[in-house]
Amino acid sequence: MEKSLGADVVNKHKKVSLLIPFYNEREVLPQLFDRLVALMDAHDAYDWEVMLVNDGSTDDGLLSVRMMRERDSRFRFIDLSRNFGKEIAMLAGMDYVMGDCVVIMDADLQHPPEVIPQMLEAWEQGYDDVYAKRRVRGKEPWIRRKLSMLYYHILQSSSKVPVLRNIGDFRLLDRICVNALCQMRETQRYTKGMYSWIGFRKKDIEFDQGSRVAGTTKWNFFKLLGLAIEGITSHTTMPLRISSVVGLIVSLGAFIYALYVFIKALVCGDPVQGFPTIIIVMLFLGGVQLLSLGVIGEYLGRIFNETKNRPPYFVREVDGKKPGEK
């Protein structure tokens with residue numbers, strides 16, 4: 001009986017942090033607040049905090065967050081000095097949250113807060129990384145869905161560390177996972193790959209992803225393409241190997257063809273002809289070289305940015321106070 005009572009006391013002192021980066025989400029924030037308050041009030045066995053990271057929003061969403069904090073002290077916020085991107089915003093939140101576990105979710109309510117109790121249940125069973133696997137992706141263009149699945153297939157087949165398909169950032173991380181991610185300070189981050197790289201005990205929870213309840217998405221085609229390139233170049237060196245293999249194959253083919261032309265001219269006495277063929281081959285080789293240089297340039301750019309050793313982000317204020325201010 002004493003052991004059971006002790007377990008209940010420990011459970012009441014477990015702190016759960018909800019980490020939510022946001023950028024120009026003023027329209028959706030009131031609904032987000034209502035659903036989070038309902039979640040926390042219904043599961044008051046835990047000590048809750050909600051960490052909202054303002055990633056340089058240009059609307060007045062931060063004002064809504066300030067007002068919410070005045071009404072409910074469980075809500076906290078970080079105001080970054082500018083827009084650093086979602087990956088860096090998540091890192092900033094991880095640096096400041098205080099929970100025994102952290103649930104990362106989007107502000108647009110495509111990640112339903114009602115799934116979080118299932119994550120907590122799996123966490124209580126001893127899992128360190130409980131990730132939400134999408135059964136339904138909500139209202140999403142068909143071409144975007146297919147390109148997304150193709151991207152994950154390419155990334156998974158080219159990486160030594162398996163990357164989970166159809167899995168976003170909606171997940172619960174134990175404090176040990178959060179500490180591990182915070183130790184990785186690179187500025188060119190692909191957190192989905194980092195989740196797999198750090199290991200630890202993982203479990204999936206299936207859910208139906210909802211549609212955005214208000215506002216418009218901030219991810220257009222070019223931003224998604226940039227994120228895909230970021231993911232591939234940060235998680236695997238396979239593009240460099242592909243460039244080397246293509247260069248080797250093209251060089252070998254060119255040598256064989258040159259040998260064939262030489263022998264044909266020597267044995268049959270045929271003059272060397274084919275000006276259009278030469279032009280086509282030159283353009284092809286030039287294209288391969290430029291493509292290879294582009295791949296190398298992507299990796300060199302990453303090295304250039306990382307060797308600057310700049311801080312990943314700067315904070316304007318935390319919970320209404322400047323960093324270091326008491």
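The values are calculated or read from the model by the stated rules, or taken from the named source; none is laboratory data. Worth saying up front: this structure is predicted, and the values here are computed from it rather than measured. All Cβ positions, even for glycine, are placed from backbone atoms using ideal geometry, and neighbour counts span all protein chains on display.
A few comments on the model shown:
For every residue, the table says whether it meets (1) under 16 Å from G99 (Cβ atoms); (2) surrounded by fewer than 18 Cβ atoms within 10 Å (Cβ to Cβ); (3) in contact with a strand residue (DSSP E or B) (Cβ under 7 Å, 6 or more places away or on another chain).
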| residue | (1), (2), (3) |
| --- | --- |
| L36 | yes, no, yes |
| D41 | no, yes, no |
| W48 | yes, no, yes |
| D55 | no, no, yes |
| R71 | no, yes, no |
| R76 | yes, no, yes |
| L80 | no, no, yes |
| N83 | no, yes, no |
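- Close contacts from segment 176-196, counting a first residue that is under 19 Å from E298 (Cα atoms) and in a helix (DSSP H, G or I) and a second that is among the hydrophobic types (A, V, I, L, M, F, W, C) and at pLDDT below 80, with Cβ to Cβ under 9 Å and a gap of 6+ residues or different chains, come to G193/L155; G193/V161; G193/V163.
- Checked against (1) modelled with pLDDT under 85; (2) touching a Gly at 6+ places or on another chain (Cβ under 7 Å), R82 passes all but condition (1).
- Close pairs from segment 77-88: first in the same structural domain as L52 (by TED's automatic domain parsing) and over 7 Å from D55 (Cα atoms), partner assigned to a helix (DSSP H, G or I) and of a type in the set (K, R), Cβ under 8 Å, at least 6 apart: F77/R66; F77/R69
- Qualifying positions in segment 30-55 - more than 23 Å from E121 (Cβ to Cβ) and either in contact with a helix residue (DSSP H, G or I) (Cβ under 6 Å, 6 or more places away or on another chain) or modelled with pLDDT under 85 (or both): F33, L52, V53, N54, D55
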